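The structure appears right after this line, and notes come after that.
The values are calculated or read from the model by the stated rules, or taken from the named source; none is laboratory data. In this text the structure is predicted, and so the values were computed from the model without any measurement. Ideal geometry is used to build each Cβ from the backbone, glycine not excepted, and the neighbour counts take in all protein chains shown. Ligands, DNA and RNA are stripped out before the accessible areas are found, and what is left, the full protein with its side chains, is counted by its heavy atoms. Shrake-Rupley method; radii C 1.70, N 1.55, O 1.52, S 1.80 Å.
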Amino acid sequence: IENLSFSDPAVNVFVEGLWDANQVQVKVGRQMLYSEQSTRVALLGPGQRLLLSVQVQTTETGAADTFLTIHTRRKETITVPIRYESVLGKLAFLPAKLLFEAAFPGSVRSRTVAARSSFERPVEVLDVRSSDPRIIPELITKTLNPLARTEIARVQYDPSNLGLSGTSSDFAASGSSLGLDDEIDWDAPLTESMISRWSRLQRMWDDLGSSGQTEIQATLYFDTSIIRAAPLPVTALLARPGTVSVPSLTFDLTQVGTSSSQMLTVHNPGARPLAVQLVFPKCETSLFDINNSCDNAFRLGEEAEATFHIKPYGDLHIGPIYFEPQAHLTYNATLYVRNNLTILRPVHLGGTGGSGRLVFLDGSLDFNITAEDLGATQRRADRRTFALLEDRSGESEGSENFEESLDASSSEDEEREDKLKQVAPSLAQEEHFDNSDVDTEAGDLTVRSQKVEVTRSFWAVNDHELPVEVKSFDINGVPGCSGFGFEVRDCRPFTVPPHESVELQISFTPNFVASRWEHRLRLHTRFGNALAVPLRAFVPPDLLPLLADRDPFGGESDEQTKRVIAALGLGLCAAMLCVVLSDVVKSSQGGEAEICSERGDLVSLLTWPSVNALAPSTWTTSHHEQALVQQRAARRDRRDAQERHEMEEAHKHHQQQQHHHQQQQQQQQHHQQHQH
């Protein structure tokens, strides 16, 4: 081909290239402008072909006819007629720039492209092509009417499609192969190779981000009956796939010894089903600092150990995941979500073990009984009254002997009460003594006995970070709010917030005379724990008599019991006396009967034959008889010793008298001799 010529300056010719018989391009093309009426355009060998393209670009509307002439060395002339028509208008795309959301290998994004034609005639859409294989267009219409908005193509963005190079192609190949379930051994424990593969993918993502390859710039070219290769720019982002919505699970402050649980939400961002499994790494495969210990407080529930399948773009709550702290520590661990999309996805677990603890400020609940608690003021006033009574009666006994007489027999008490009754009004006037405790209406003096009850308030503080919920109490293992003389007032469940305090009112009522009581109060919490606190009461030895005077210990019920026992005792004595009198009458009528075993022995009613028959068997055992024999022998021994002592004293007195008489006789003889 010697030269190419064309007569219209609006026409340009492009030599696309030269191909041989095997469809191999042997020469690249170039543009032939109107001013270049050159020679030696190309040399075509046997079986070769030349590809020419004609482009018309004009600024005037209208139709035109022209031709292209090709001259060869053999003087051949080839004429190619060209007819074109220029129209006024343009083609606008909606949107003007197509933008795709971030996607990853395994997910597909799709958008629709519309166009509006300003040409006066309909425009035929012939073809559409993309500069990047990951951007896949598809025509959905062929004709564009003038000035009408028409959807012309549907465009998909598939990051896993071939066409990347370098690191990106490696990543695409790796990412596109993650959709096969058979590549993951779901029954095997989490091994080092699995974690290494996941780490390698993470480094690939980092490399893509650092090199700027996570943003894809492409162009769509639309060929129409009027416009050739109308461009539409496209931007797409390459994102790292994620299967969980939160990167970590933080458990609330949990009571030590108990458990709390949470569910993990797993999301399938892809268009294919996602298989997932929760797994903790083996201890020997811990490669990262986040796995600080295999002996942690986290575990999976039985229902969370299976393999789950999530439908495309769906969510699933998997669990429960338990947190069971055993100490007041902060725990950290890593749970992996094994899946067929990203191989692994780590989830950081964190939690803190805590508790609530009640601490009593004094360490123990002590009752130190004082004289005021026992009513010692009233007792001293009574002693003062009796001392004044002794002074008025002129008796010579001291106050100490008179105080000892307060605990004497009942007959002496009655005499003192009668005397005090007579002088009590005058004492109240002269000594200004309050005798309100003296009962003058009943005709006798009685110091009213009152039950001793001491109430103390004790403060306990919750010095830890969780509330303490006390549900019940017990004293020395006896359930309830009272026992062994101690009673918890306002006994009901309560809650103490962190770093707050609570007041416990406890009363103590001694039920017998002692100087020391020691028990343990237990407070049972909602979590099954029990706080044991020493519960003690102390009475000084010098106050024990005052405690004994504050009878009754059992209250009104004890008084009634004493009255019943006294009535039964009197009735029993009366019955025994009647039996003895009946036996005496019978013996005097029927003859002499020896009643006493020894002369001078006191008669024991329990050894009387008729009374003994009425007595219970436990009273007539050999032990009782032996005790009676021992008592009688002891009395005989004391009587014999006393008689011997009296005889010895009489003998000594007689000897002293004889000696004195002899001395008198000798003195008389000496006196007579002297006179003589």
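The slack between Leu44 and Val108, meaning 0.36 nm per residue of separation minus the straight C-alpha distance, is 18.3 nm.
Inter-label distance, Asp206 to Cys491: 6.6 nm, where each label sits 7 Å from its Cα along the C-beta direction. Classified by the C-alpha gyration tensor, the range 488-528 has a prolate form. Its axis ratio a/c, with a ≥ b ≥ c, is 1.5 or above, and a/b is larger than b/c.
From the largest down, the range 16-109 spans 61, 42, 19 angstrom on the principal axes of its Cα atoms. Extension gain for Val564-Arg197 works out to 122.8 nm (0.36 nm per residue, less the C-alpha to C-alpha distance).
FRET efficiency for the Asp223 to Glu2 pair, using the beta carbon distance and R₀ = 35 Å, is estimated at 0.60.
Does the range 185-280 classify as rounded, prolate or oblate by the C-alpha gyration tensor (a ≥ b ≥ c root eigenvalues; a/c under 1.5 gives rounded; else a/b over b/c gives prolate, otherwise oblate)? Taking the square roots of the gyration eigenvalues as a ≥ b ≥ c, the range 185-280 is prolate. Using C-alpha pairs under 8 Å with a sequence gap of at least 6, the mean separation divided by the residue count of the range 1-145 gives a relative contact order of 20 percent. Listed by chain and number, the lysines whose alpha-carbon sits under 27 Å from that of Lys451, ignoring those within fewer than 8 places in the same chain, are Lys421, Lys562. Each label was represented as a point 7 Å from its Cα along the Cα-to-Cβ direction; for Gln23 and Val502 these points are 9.0 nm apart.
Exposure check, 1.4 Å probe, all protein chains in place: Asp542 carries approximately 110 Å² of accessible surface. The alpha-carbon of Lys90 sits under 23 angstrom from the alpha-carbons of these lysines, leaving out residues fewer than 8 places away in its chain: Lys142.
Mean separation of Cα pairs under 8 Å and 6+ residues apart, divided by the residue count of the range 181-252: what relative contact order is that in percent?
Relative contact order for the range 181-252 comes out at 21 percent.
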